[in-house]
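**Student:** Have a look at this one before I ask anything.
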Amino acid sequence: MEYQEGLESVKARLHQNHKNKREVLTTIDHLKRLCMDHYFQDEIDNAVDSCLDLLHSDDLLEATLSLRLAREAKYDISADEVLRKFTDDNGDFKIDHCKDIRGLVSVHDISHLNMGESSLYKAKEFSRRHLTSAIRHLNPNLARYVRHSLDHPYHVSLMQYKARYHLSYLQSLPTRNTAMEELAVAELYLNKLQHQKEMQEVKRWWMDLGLTREIRTARDQVLKWYMWAMTVVQGFSLSRYRIEITKIISFVYIVDDIFDLVGTQEELSLFSEAIKKWDLAAAGSLPGYMLS
């Protein structure tokens with residue numbers, strides 16, 4: 001399947017499945033976990049809006065997934081109100097929900113979007129306790145997914161580093177969305193090529209700069225510096241920003257090494273004054289490695 005055909009196929013799926021709102025929300029969740037949601041933002045916004053009635057569903061997965069996606073779309077919705085139907089008079093989750101594994105994973109996900117709501121504090125404790133005890137009774141594939149969700153919660157993890165794992169999980173399911181999976185494989189491959197190209201450019205710049213020859217004890221960690229930029233700035237169109245941010249980060253480390261390992265007190269004082277004044281003339285008496 002061609003890349004553009006894959007995009008259109010997934011868009012059509014989001015449009016055509018509005019009668020099955022649970023499936024629509026599940027598809028959106030997968031797209032987010034595969035870091036492909038930016039291709040379908042208009043469709044996702046419309047779908048989330050059309051599925052808000054699932055906030056009142058008696059199904060734990062439907063209600064909590066709808067709540068999470070709505071909050072991510074900046075809807076101001078009270079978790080206490082949505083979760084009330086699943087709790088007893090004391091605000092504790094009803095024990096009959098402890099067998100709903102996918103619902104509990106969704107509860108655990110939404111608990112990390114807590115705005116100080118008591119229901120989400122209890123949701124986190126309840127879901128973690130029952131998921132942990134259930135793992136040994138689950139089929140191996142679902143058990144791995146639950147363990148991964150507990151160890152690396154959705155909203156406190158970097159999704160671009162989890163996308164490949166989620167794709168592997170989708171490929172192991174009995175019911176599969178081939179178009180979305182093929183699109184995800186292509187996306188991962190294109191991202192890999194893009195990052196390799198950017199890394200090569202940054203390496204060439206760093207070698208041409210020659211600071212490691214001037215400052216023998218300086219850190220030479222181009223890959224580490226690029227990882228910062230790659231994590232913060234995502235998307236093919238922002239390639240130049242990643243490269244330039246990596247250069248800035250490299251100078252932060254080099255200046256730190258100059259102060260910690262190389263410069264004399266007099267040199268560092270002159271260097272600090274030149275930076276404060278932002279004046280090249282004031283840097284005339286600095287050693288060569290500081291001028292590089």
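**Student:** Does ARG176 satisfy the condition of being part of a helix (DSSP H, G or I) and of a type outside the set (Phe, Trp, Tyr)?
**Tutor:** No: the conditions fail for ARG176.
**Student:** Related question: So which residues in region 145-171 are in a loop (DSSP other than H, G, I, E, B) and either outside the structural domain of LEU69 (by TED's automatic domain parsing) or surrounded by 14 or more Cβ atoms within 10 Å (Cβ to Cβ) (or both)? Outline the logic, then answer.
**Tutor:** First, the residues of region 145-171 that are in a loop (DSSP other than H, G, I, E, B): 152-153, 157-158, 162.
Across region 145-171, the qualifying residues are HIS152, PRO153, SER157, LYS162.
**Student:** For ASN177, only one of the following conditions fails: (1) in the same structural domain as LEU142 (by TED's automatic domain parsing); (2) within 19 Å of the chain's Cα centre (by Cα). What is its number?
**Tutor:** (2)
**Student:** On the given criteria, is ASP96 assigned to a helix (DSSP H, G or I), modelled with pLDDT under 95 and surrounded by fewer than 16 Cβ atoms within 10 Å (Cβ to Cβ)? First the steps, then the outcome.
**Tutor:** Numbers: assigned to a helix (DSSP H, G or I): yes; modelled with pLDDT under 95: yes; surrounded by fewer than 16 Cβ atoms within 10 Å (Cβ to Cβ): yes.
In short, yes.
**Student:** Among the residues of region 113-135, what is the count of those that are out of contact with any Gly (no Cβ under 7 Å at 6 or more places or on another chain) and at pLDDT 95 or above? Walk me through how you get there before you give the answer.
**Tutor:** At the first step, the residues of region 113-135 found to be out of contact with any Gly (no Cβ under 7 Å at 6 or more places or on another chain) are 113-117, 120-121, 123-135.
Okay, now just the ones that are also at pLDDT 95 or above, so 120-121, 123-135.
Of the residues in that region, 15 qualify.
**Student:** Among LYS32, LYS11, which is surrounded by 12 or more Cβ atoms within 10 Å (Cβ to Cβ) and either under 25 Å from VAL82 (Cα atoms) or aliphatic (A, V, I, L, M) (or both)?
**Tutor:** Values: LYS11 fails: either under 25 Å from VAL82 (Cα atoms) or aliphatic (A, V, I, L, M) (or both).
From the options LYS32, LYS11, the qualifying one is LYS32.
**Student:** Follow-up question, since we're still on this one. I'd like to check something: does region 88-103 contain any residue that is closer than 17 Å to ARG71 by Cα, in the same structural domain as ASP29 (by TED's automatic domain parsing) and small (Gly, Ala, Ser)?
**Tutor:** Let us first name the residues in region 88-103 that are closer than 17 Å to ARG71 by Cα, namely none.
Within region 88-103, not a single residue is closer than 17 Å to ARG71 by Cα, in the same structural domain as ASP29 (by TED's automatic domain parsing) and small (Gly, Ala, Ser).
**Student:** A further question follows. For ALA123, which of the numbered conditions (1) in contact with a Lys or Arg (Cβ under 8 Å, 6 or more places away or on another chain); (2) closer than 16 Å to SER106 by Cβ fails to hold?
**Tutor:** (1)
**Student:** Looking at GLY263, GLY235 in this structure, which one is out of contact with any Asp or Glu (no Cβ under 6 Å at 6 or more places or on another chain) and either over 24 Å from GLU201 (Cα atoms) or without any contact (Cβ under 8 Å) to a residue 60 or more places away in the chain (or both)?
**Tutor:** Going through GLY263, GLY235 in turn, the sole match is GLY263.
**Student:** Among all residue pairs at least 6 apart or on different chains, which show Cβ distances below 8 Å where the first residue, located in region 15-26, is polar (S, T, N, Q) and the second is surrounded by 13 or more Cβ atoms within 10 Å (Cβ to Cβ) and modelled with pLDDT of 85 or more?
**Tutor:** Pairs found: ASN17/GLU23; ASN17/VAL24; ASN17/THR27; THR26/LEU65.
**Student:** Something else about it: Specify the residue that is farthest from the chain's Cα centre (by Cα); the eligible residues are those in region 99-123 that are surrounded by fewer than 17 Cβ atoms within 10 Å (Cβ to Cβ) and assigned to a helix (DSSP H, G or I).
**Tutor:** Checked region 99-123; the qualifying residue farthest from the chain's Cα centre (by Cα) is SER118.
The values are calculated or read from the model by the stated rules, or taken from the named source; none is laboratory data. Treat the numbers as computed from the prediction; the structure is a model and nothing was measured. Cβ: placed from backbone, ideal geometry, glycine included. Neighbour counts: every protein chain shown.
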